[in-house]
Amino acid sequence: MADMLSDKVIDRRSALVTLGSAGLGLLAMQWAPVYAADFKDDPLAKLLPQFKEKSREQLLRLLKAPGFSGHIPATDVASIADSERKNVDALMVDLLPLAQTYSRPPISNYLVGAVARGVSGNLYFGANIEIPGHSLGFSVHGEQFALSNAYMHSEQAISAIAVTAAPCGHCRQFINEMAPSGDVQVLIAGQSPVRLDSLLPSAFGPKDLGFQEGALPVRETNLARPKGISDELALAALDAARRSYAPYSKSHSGVAMKTQSGRVYKGAYIENVAFNPSLSPLQTALAALIVAGETYPAISHVILVEMEGAAISQKSVTGAALSGIAPAAKLQVVTTTMAV
């Protein structure tokens, strides 16, 4: 997980104070703002003071739009970069304090932020997640969050990722799965951009297990529609499973979670050649929920779709994680097979 740069540090209280009235990242985990009323006019003014008012207003419109899903479209990226008179690399680094507000670190209290750029020109926010009461292995690193966000938006490839400090080895391995060529640019404030293959030389990647491609672009697997499954949530989970990336275990799976607001969040399983950096479908779905501004207690119903008789199952980890963050949520498991 990335370390925090001293010149980008924004403590949790300050972040809460800044964004409390904006309906943004840190409303989750029951971390209530203390002085939110002081920032009603421009909730991004303290968080992004170097941005012009026009740019902050444009960002706030995007963040507060119904259906916001954690990314800035390429047209808005270009517009904001032009308004700020900076290149996109610099813009990504300057947006890291905003990305950090989506952090959920109840164990470490340590905020990590990441911003990924796709070849489409879209930017995708990411932050670290920790699950209280459970193994640290349940954690999602900020870079994983940002890249899974891009994955679930069907981004074709990743060209760069900005992080609050150099990615840890776990994250370098995960980035490599997304771009095995190693040409992703890693951006850190105050440092020159560096290619991933400079940070991860002699990388162990998909080719070592006989696969020529990584996780992107997303490729659908032809999974059968289970008999009797017709409701929206189950079909959403099936869609997520079809979009999962599981070349090593062949254990395709996906999650769909519904909240009390009626909104549905999907998460696909994203496997890694090194196994441990793999993201469960629940972790991917939680990233989508958090970046949309919803809270864990709002989760009411979760459906997991996975392969019948697969080498691995996501049922136990999904149930365990939910017990720590949304114990009242109903978990339903549906199995499927490859379509004939």
When you go through (1) open to solvent by less than 10 Å² (accessible area, probe 1.4 Å); (2) of a type outside the set (S, T, N, Q); (3) part of a helix (DSSP H, G or I) one by one for residue 197, which number turns out not to apply? (1)
Six or more apart or on different chains, Cβ atoms under 9 Å: show the pairs whose first residue is in the range 261-273 and within 18 Å of residue 66 (Cβ to Cβ) and part of a loop (DSSP other than H, G, I, E, B) and whose second is open to solvent by less than 40 Å² (accessible area, probe 1.4 Å) and of a type outside the set (Ser, Thr, Tyr). 261/294; 261/298; 263/289; 263/292; 263/294; 263/298
Here the qualifying pairs (Cβ atoms under 6 Å; residues six or more apart or on different chains; first in the range 88-111 and of a type in the set (Val, Ile, Thr); second open to solvent by 10 Å² or more (accessible area, probe 1.4 Å) and modelled with pLDDT under 95) come out as 93/189
For the range 298-320, name all the residues that are part of a helix (DSSP H, G or I) and touching a strand residue (DSSP E or B) at 6+ places or on another chain (Cβ under 9 Å). 298, 315, 318, 319
Determine if the range 165-175 includes at least one residue that is buried (at least 24 other Cβ atoms within 10 Å of the Cβ), in contact (Cβ under 8 Å) with a residue 40 or more places away in the chain, in a loop (DSSP other than H, G, I, E, B) and out of contact with any Phe, Trp or Tyr (no Cβ under 6 Å at 6 or more places or on another chain). yes
Please find, among 189, 224, 215, 203, the residue that is open to solvent by less than 90 Å² (accessible area, probe 1.4 Å) and at pLDDT below 95. 189
How many residues of the range 281-297 are open to solvent by less than 20 Å² (accessible area, probe 1.4 Å) and in a loop (DSSP other than H, G, I, E, B)? The answer is 0
Give the residues of the range 176-194 that are polar (S, T, N, Q) and in a strand (DSSP E or B), sorted by residue number. 185
State which residue pairs qualify: first residue among the acidic types (Asp, Glu) and inside the range 233-245, second residue open to solvent by 10 Å² or more (accessible area, probe 1.4 Å) in any location, beta carbons under 7 Å apart, and separation of 6 or more residues or different chains. 239/266
Suppose the filter is farther than 24 Å from residue 69 by Cβ, open to solvent by 10 Å² or more (accessible area, probe 1.4 Å), of a type outside the set (D, E, K, R) and out of contact with any Phe, Trp or Tyr (no Cβ under 8 Å at 6 or more places or on another chain); does residue 181 pass it? yes
Enumeration of residues in the range 82-110 that are within 23 Å of residue 292 (Cβ to Cβ), hydroxyl-bearing (Ser, Thr, Tyr) and open to solvent by less than 30 Å² (accessible area, probe 1.4 Å): 101, 102, 103
Starting from residues that are of a type in the set (A, V, I, L, M), open to solvent by 10 Å² or more (accessible area, probe 1.4 Å) and at pLDDT 95 or above, keep the ones in the range 136-157 and report whichever is farthest from residue 107 (Cα to Cα). 157
Taking the range 293-318, which residues are within 13 Å of residue 257 (Cα to Cα) and not charged (D, E, K, R)? 295, 296, 297, 298, 299, 300, 301, 302, 303, 304, 305, 318
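The values are calculated or read from the model by the stated rules, or taken from the named source; none is laboratory data. From a predicted model like this one, the values you see are computed outputs, not experimental measurements. Glycine gets a Cβ as well: all are built from the backbone with ideal geometry, and neighbour counts include every protein chain shown. The accessibility values were calculated without ligands, DNA or RNA, using every heavy atom of the protein model including side chains. Shrake-Rupley method; radii C 1.70, N 1.55, O 1.52, S 1.80 Å.
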